[in-house]
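Below is one structure; the comments refer to it alone.
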Amino acid sequence: MKSPFENKNIVLGVTGSIACYKAADLCSKLVQLGANVDVILTEAAQKFINPLTFKSIAHRPVITNLYDPESEIAMAHVALAQRADLVVIAPTTANMIGKLASGLADDPISLTVIATSAPLVLAPAMDANMFEAAIVQENVLKLKKRGATIVGPITGRLASGLTGTGRMIEVKELIGHLSAELGKNSQLAGRKIVVTAGGTIESIDPVRILTNRSSGKMGYAIAEAARDNGANTVLITAATQLSDPSAIEVIHVENTEDMYKAVIKASKNADALIMAAAVSDYKARLKSPHKIKKGSSNSPYLELETNPDILAEANGAKVKVGFAAETEDLLKNARIKLDSKGADLLVANDVSSSNGVFGSDTNKVTIIGSCGFIEDLPRMSKYSVAQNILHRVVEILKNRS
Ligand code: PMT
């Protein structure tokens with residue numbers, strides 16, 4: 001499984017808004033992800049940003065005019081539309097929304113939208129009152145009914161200096177939505193994948209907690225890779241420092257008991273449950289409602305009780321994947337967990353401090369299967385680890401159907 005953007009033809013339409021500067025960043029990120037990006041600027045967009053900016057980033061001619069005899073759109077006016085895998089208009093003004101809703105085709109962007117069968121994603125940016133205007137809302141609804149995906153606008157500071165819902169969605173989040181759109185026909189299309197992430201937190205008193213070093217990055221990478229391969233993805237997370245990935249249903253939990261309930265419910269009809277969360281095996285037997293005072297004892301005693309083993313007890317999903325976080329006897333312990341928890345796959349990672357797994361963007365894992373295979377992977381990004389795991393999940397699902 002590769003990046004969903006690799007060798008994809010993406011048409012980036014840019015319309016006249018102060019948010020045009022974000023379009024340059026978007027273009028750059030898409031190129032870095034391996035996409036071929038054709039940029040079209042409306043006349044109004046060119047008042048905010050220079051076509052040369054996009055030409056320098058995308059290394060392709062930028063289309064600015066329907067009738068420029070030198071441009072591809074003048075020579076073969078639907079060529080871009082035909083080769084597009086995705087059309088994204090970011091930022092999208094109220095004017096462009098109105099044109100698209102009405103079926104106009106008098107500029108290179110609206111013409112391309114009418115002529116393409118590729119998915120259309122719009123990222124509106126405008127004054128909050130404009131976005132709330134009845135006619136704009138009516139047009140947005142019309143476009144949604146025709147299958148367009150409209151992401152944002154978000155609430156924040158606007159160009160006017162006021163705060164309202166009119167800011168273009170942040171580029172990172174927009175890219176998540178584009179990934180989801182491109183993945184819709186991929187290997188996990190129509191599948192439901194439930195992923196857990198982060199370290200659960202058990203309270204001792206209102207101030208003190210029991211937790212672990214998991215950042216959540218491994219689980220988030222799996223959720224994003226599942227989304228990028230077309231899955232309806234549910235992420236159940238105890239992580240506190242990561243922002244929610246886009247186009248994924250995110251359920252925040254704190255402790256093991258809450259994660260247990262959320263996993264049992266979400267995985268009932270799931271195709272796969274992948275548990276990358278570092279789950280606390282124990283919790284304080286009695287949780288003090290008040291901060292425990294420093295006592296006279298030099299060795300205060302904390303009584304613990306066992307938490308449920310979520311992976312062992314969750315049997316709703318067709319495929320179960322666990323992780324083994326070990327500091328010694330990696331494979332031996334992973335195999336014991338594979339069997340005792342009834343998992344189909346176990347991803348073993350050495351979490352000794354010298355290995356730098358917690359919080360890092362890379363991991364080195366060995367995947368073992370209940371059917372006997374062992375795959376030792378080199379160190380790679382957590383997203384690539386995720387793709388390898390999902391590849392195995394796809395194989396198991398295929399064999400079972
Ligand atoms: O979050 P990062 O910083 O990116 O780090 C990633 C990671 C090291 C946390 C991740 O790769 C990892 O190894 N996650 C599993 C950590 C863990 O709890 O391992 P374990 O060996 O204790 O548990 C085995 C499996 O049972 C795990 O899938 C765990 O989610 C599950 N479990 C454990 C205890 C419990 N009570 N219920 C469970 O479901």
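Quick look at the numbers
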item	result
Qualifying residues in segment 297-312 (those that are touching a helix residue (DSSP H, G or I) at 6+ places or on another chain (Cβ under 9 Å), free of Cβ contacts under 8 Å to residues at least 60 places away in the same chain and outside any loop (DSSP other than H, G, I, E, B)) - the one farthest from the ligand (Cβ to nearest atom)	Ala312
Lone qualifier among Ala189, Ala180 - being over 11 Å from the mean Cα position of the chain (by Cα), away from the ligand (no atom under 16 Å from the Cβ) and either outside any strand (DSSP E or B) or modelled with pLDDT of 95 or more (or both)	Ala189
Sole residue being surrounded by 21 or more Cβ atoms within 10 Å (Cβ to Cβ), more than 26 Å from the chain's Cα centre (by Cα) and in the same structural domain as Glu202 (by TED's automatic domain parsing), chosen from Ala334, Ala324	Ala334
Failed item, numbered, when Arg227 is tested on (1) more than 10 Å from the ligand (Cβ to nearest atom); (2) among the basic types (Lys, Arg); (3) over 15 Å from the mean Cα position of the chain (by Cα)	(3)
Top-ranked residue in segment 349-377 [being under 24 Å from the mean Cα position of the chain (by Cα) and assigned to a loop (DSSP other than H, G, I, E, B); ranked as farthest from the ligand (Cβ to nearest atom)]	Leu377
Qualifying positions in segment 313-335 - in a helix (DSSP H, G or I) and more than 10 Å from the ligand (Cβ to nearest atom)	Leu330, Leu331, Lys332, Arg335
Residue match in segment 273-294 (condition: in contact with a helix residue (DSSP H, G or I) (Cβ under 6 Å, 6 or more places away or on another chain), in a loop (DSSP other than H, G, I, E, B), more than 15 Å from the ligand (Cβ to nearest atom) and not assigned by TED's automatic domain parsing to the domain that holds Gly152)	no
Residue pairs meeting the criteria (Cβ under 7 Å; at least 6 apart or on separate chains; first in the same structural domain as Ala23 (by TED's automatic domain parsing), in segment 58-70; second part of a loop (DSSP other than H, G, I, E, B) and of a type outside the set (Phe, Trp, Tyr))	Pro61/Ser71; Ile63/Ser71; Asn65/Ser71; Leu66/Asp107
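The values are calculated or read from the model by the stated rules, or taken from the named source; none is laboratory data. All values derive from a computational prediction rather than experimental measurement. All Cβ positions, even for glycine, are placed from backbone atoms using ideal geometry, and neighbour counts span all protein chains on display.
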